[in-house]
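Q: One structure coming up, written as C-alpha cells, with questions to follow.
What follows is calculated from the coordinates using simple rules that are stated; it is not laboratory data. Nothing here was measured: the structure is a model prediction, and the numbers come from that model. Note: ideal-geometry Cβ built from the backbone for every residue, glycine included; neighbour counts use all protein chains shown.
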Amino acid sequence: MLVANQGTIPCRKSTKTGRETQLAEAENKEDEASFGAFDEAEEESMQEEALRDISGLTAAQKRRLHGQVPEIRNEYQQTVRYQSKLYGKFGTESGVDPRLMWPTKQKAVELTELRREWEPTLEERMATLQMQKEDEARKLQEREEQVVRNMAKMDQWIAEYRQKLAKKGDEAKAKEEKKRKLLEEAREFFGYYVDLRDAKFQ
C-alpha cells in the first residue's frame, strides 16, 4: 500500500466539470427520492398486510407454518444439538456452520473409548455369528431326526387311533342298546311308549 509522506493516500484530481457535477447530484437526488417513495410504499404494504392478518399467530409460529428457518432467540437454540437439527431440516439455508456438528478431538476420543468398551470387535461378532449358525444347524438336524422317528412310529399311531375310534363306537352302541332296553322295559311296565324328554323320567 502506497502512503504519501503526510500520511494520506494520494488520489487523482476530479476531471468532472461543473455541469457534470450538477447532473450527478440531480441523479443522486432522484435516486434518494425514488428510494424514499419505495420505502414508503413498502411500509404501507406491510401495514396493510398487518391489518389483513387476523390469525393471531406470532412471528415464530408463522415462520414454522410456512416452513421457514426459525429465529435464534434463547440459549437452547444455540446448543449444538439444536443447531444440528436445524441443519438437518433446512440444510445450508439454516445458516448453520456444518463444522459445528463434527466432534472435537476430545469428543472423538471419548466416542472411540465408548465403542471399544460397549461394542464387540469384528472377531467377536464373527464368532457370535458362527455360533448362531452352528446352533441353527444343530436344531435343524434334531428336528429332522425327530421327524424320521415320528414317521417310523406313524403306522403304530394310526392303528392305535383306529382302535380308540372303534372302542368309542362300541361304547356308544352299548349305551344305545342299554337305553333301548330301558325304554322297552318302561313300555312293558307302563303299557305305552315313554318319551325320554318327559319330566317324570329326568
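Q: So Phe189 clears everything in (1) in contact (Cβ under 8 Å) with a residue 12 or more places away in the chain; (2) loosely packed, with under 10 Cβ neighbours inside 10 Å except one condition, right? Which one?
A: (1)
Q: Looking at segment 104-126, I want the residues that are without any contact (Cβ under 8 Å) to a residue 24 or more places away in the chain and have a partner that is of a type outside the set (A, V, I, L, M, F, W, C) with Cβ atoms under 8 Å, at least 6 apart or on another chain. Which pairs are those?
A: Leu111/Pro103; Pro120/Thr128
Q: When segment 94-112 is examined, which residues are found to be more than 27 Å from the chain's Cα centre (by Cα) and surrounded by fewer than 10 Cβ atoms within 10 Å (Cβ to Cβ)?
A: Once the filter is applied, which keeps residues that are more than 27 Å from the chain's Cα centre (by Cα) and surrounded by fewer than 10 Cβ atoms within 10 Å (Cβ to Cβ), segment 94-112 yields Thr104, Lys105, Gln106.
Q: Can you report the number of residues in segment 36-67 which are small (Gly, Ala, Ser), part of a helix (DSSP H, G or I) and more than 25 Å from Ser94 (Cβ to Cβ)?
A: Within segment 36-67, residues that are small (Gly, Ala, Ser), part of a helix (DSSP H, G or I) and more than 25 Å from Ser94 (Cβ to Cβ) number 5.
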